[in-house]
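Enquirer: Can you read through this structure? Questions will come right after.
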Amino acid sequence: MPILELDLENLLNQIESKKTLRSGEIDKEIKALFNRHFSSSETFLEDYYYQYKNSSFAFVWYEGMLESEEDRLREEESSKFTKCEFIRHFLSLAPHVNYFIGEKSTYRNKPESFSNLAFYFLSKLSEIESEDYFHYDWILFAEGIQIGNKLKEDLKKYLIEKEFVEQDLHQDLRISYKGRLFIEEKMLSHG
């Protein structure tokens with residue numbers, strides 16, 4: 001098993017088995033793991049991990065409110081659960097990750113044509129033989145595809161308009177049947 005997957009599984013087991021691991025300690029462990037495996041991980045974590053961990057838990061607090069021990073424990077458990085879900089979701093992407101520290105994707109930022117970028121992205125997406133949907137930017141990050149925001153948005157728009165990808169309610173993507181046909185046709189035409 002590759003080291004990234006093993007590290008993710010170990011961290012997940014560590015979080016789930018320890019009853020007293022605090023939220024801040026989990027954040028440090030996740031940050032250390034991503035820094036160990038990826039360059040530019042800080043940007044990814046700022047943009048996606050912190051957003052992910054804060055997306056599913058809302059606690060209404062008002063000034064003067066006393067927080068009970070039960071409320072604090074419930075909040076801590078909810079936070080821990082969300083962080084475990086982040087790791088699980090990234091773990092399912094991990095077998096297909098090619099971008100570790102010191103390695104770059106084979107895609108170059110100046111392709112011969114826009115369809116080459118679409119082909120490259122879809123070929124990465126097709127490697128994920130799962131029914132799961134993945135966050136568009138997570139796939140770009142995991143593969144090490146570094147493109148500007150305008151090109152990133154254009155590519156996503158193109159993939160959706162051409163129906164090469166399917167989206168779920170959270171705007172996550174998976175390759176469509178039409179997308180797989182696009183890859184096959186491109187491979188046949190280039191021999």
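Enquirer: In the range 159-176, is there at least one residue being buried (at least 20 other Cβ atoms within 10 Å of the Cβ), assigned to a loop (DSSP other than H, G, I, E, B) and not β-branched (Val, Ile, Thr)?
Expert: Looking through the range 159-176, at least one residue is buried (at least 20 other Cβ atoms within 10 Å of the Cβ), assigned to a loop (DSSP other than H, G, I, E, B) and not β-branched (Val, Ile, Thr).
Enquirer: Can you tell me which residue in the range 133-171 is nearest to the chain's Cα centre (by Cα), limited to those that are among the acidic types (Asp, Glu), closer than 19 Å to Tyr48 by Cβ and modelled with pLDDT of 85 or more?
Expert: Asp137
To keep it simple, each residue is scored yes or no on (1) within 27 Å of Tyr136 (Cα to Cα); (2) at pLDDT 75 or above.
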{"position": "Glu29", "(1), (2)": "yes, yes"}
{"position": "Phe57", "(1), (2)": "yes, no"}
{"position": "Glu67", "(1), (2)": "no, no"}
{"position": "Ser78", "(1), (2)": "yes, yes"}
{"position": "Glu85", "(1), (2)": "yes, yes"}
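Enquirer: Another one. Filter the range 166-191 down to the residues that are without any contact (Cβ under 8 Å) to a residue 12 or more places away in the chain and either within 22 Å of Leu140 (Cβ to Cβ) or touching a His at 6+ places or on another chain (Cβ under 6 Å) (or both) and list them by number.
Expert: Scanning the range 166-191 gives Leu169, Met187.
Enquirer: I'd like to verify a number: residues in the range 122-145 that are of a type outside the set (Gly, Ala, Ser), farther than 18 Å from Glu184 by Cβ, surrounded by 16 or more Cβ atoms within 10 Å (Cβ to Cβ) and touching a helix residue (DSSP H, G or I) at 6+ places or on another chain (Cβ under 9 Å), how many?
Expert: 9
Enquirer: Looking at this structure, is Phe90 touching a helix residue (DSSP H, G or I) at 6+ places or on another chain (Cβ under 9 Å), modelled with pLDDT of 80 or more and either among the aliphatic types (A, V, I, L, M) or open to solvent by less than 30 Å² (accessible area, probe 1.4 Å) (or both)?
Expert: Yes.
The values are calculated or read from the model by the stated rules, or taken from the named source; none is laboratory data. All of these numbers come straight from a predicted model, not from anything done at the bench. Methodologically, a virtual Cβ is constructed for each residue, glycine included, from the backbone with ideal geometry; neighbour enumeration extends over all protein chains shown. Just so you know, the surface numbers come from the protein's heavy atoms only, side chains and all, with ligands and any DNA or RNA stripped out. Shrake-Rupley method; radii C 1.70, N 1.55, O 1.52, S 1.80 Å.
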